[in-house]
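The values are calculated or read from the model by the stated rules, or taken from the named source; none is laboratory data. It should be emphasised that the depicted structure is a prediction, and the values quoted were computed from it without experimental measurement. Note: ideal-geometry Cβ built from the backbone for every residue, glycine included; neighbour counts use all protein chains shown.
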Amino acid sequence: MKIEKNKDIIEDAEYGLDSRFKSSKEHESESTLLMEARLLRMKNLSKDQIIRAKLMQLKLKMEEYLKQPIYDNKNHFLDFLKSYIDTIYSTRNGFAHDINIKPIRLSQVINKHREPSEEFILKLMIHSEKVYESISGFQKKNWFDVYFQEKICETMSKQDKWRPNLEKEVSLSESIK
């Protein structure tokens with residue numbers, strides 16, 4: 001017969017601790033020490049380590065978005081793009097120069113005044129392949145996937161606006177039995 005000593009242990013994901021503490025004061029003390037240790041470790045990271053960590057985080061966010069697309073009005077492609085550029089470059093003009101586009105064109109894309117062209121996304125794809133080469137495997141099609149997944153989600157979330165008028169124009173002359 002196995003006796004379960006830790007039967008009442010409850011994981012606390014917020015702090016990464018469990019309920020083995022005898023009091024809430026002991027729990028808070030341990031969580032504070034853990035947070036201080038994490039902050040100290042983060043302060044000792046080099047600029048390159050921070051950039052690598054942010055790029056890895058961005059990659060994982062993009063992959064998560066692609067697994068479970070979100071139907072909302074938020075522009076995920078542009079959020080990912082801004083995060084990507086701002087992580088690597090001190091100014092966005094540097095990125096525009098590196099992918100050989102005019103800074104005004106980049107600004108128009110970022111500020112939703114112009115849709116990104118296929119060439120823009122292709123250049124972004126090549127650029128991110130080079131950046132992620134030393135970090136981890138970045139799927140080169142992720143930028144296209146995010147962009148088009150967002151367009152699909154946007155279209156589907158606005159069905160109540162476009163569908164009524166278009167349904168009037170669509171008929172079915174042949175029935176399928």
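Checking each residue in region 80-123 for being surrounded by fewer than 14 Cβ atoms within 10 Å (Cβ to Cβ) and either β-branched (Val, Ile, Thr) or assigned to a loop (DSSP other than H, G, I, E, B) (or both) picks out SER90, THR91, ASN100, LYS102, ILE104, ASN111, LYS112, HIS113, GLU115, SER117. Taking region 124-139 as the range and being surrounded by 15 or more Cβ atoms within 10 Å (Cβ to Cβ) and modelled with pLDDT under 85 as the test, the residues that pass are PHE138, GLN139. Every listed requirement among (1) in a loop (DSSP other than H, G, I, E, B); (2) surrounded by 14 or more Cβ atoms within 10 Å (Cβ to Cβ) is met by SER173 save one, (2). Does region 157-167 contain any residue that is modelled with pLDDT under 90 and assigned to a loop (DSSP other than H, G, I, E, B)? Among the residues of region 157-167, at least one is modelled with pLDDT under 90 and assigned to a loop (DSSP other than H, G, I, E, B), which makes the answer yes.
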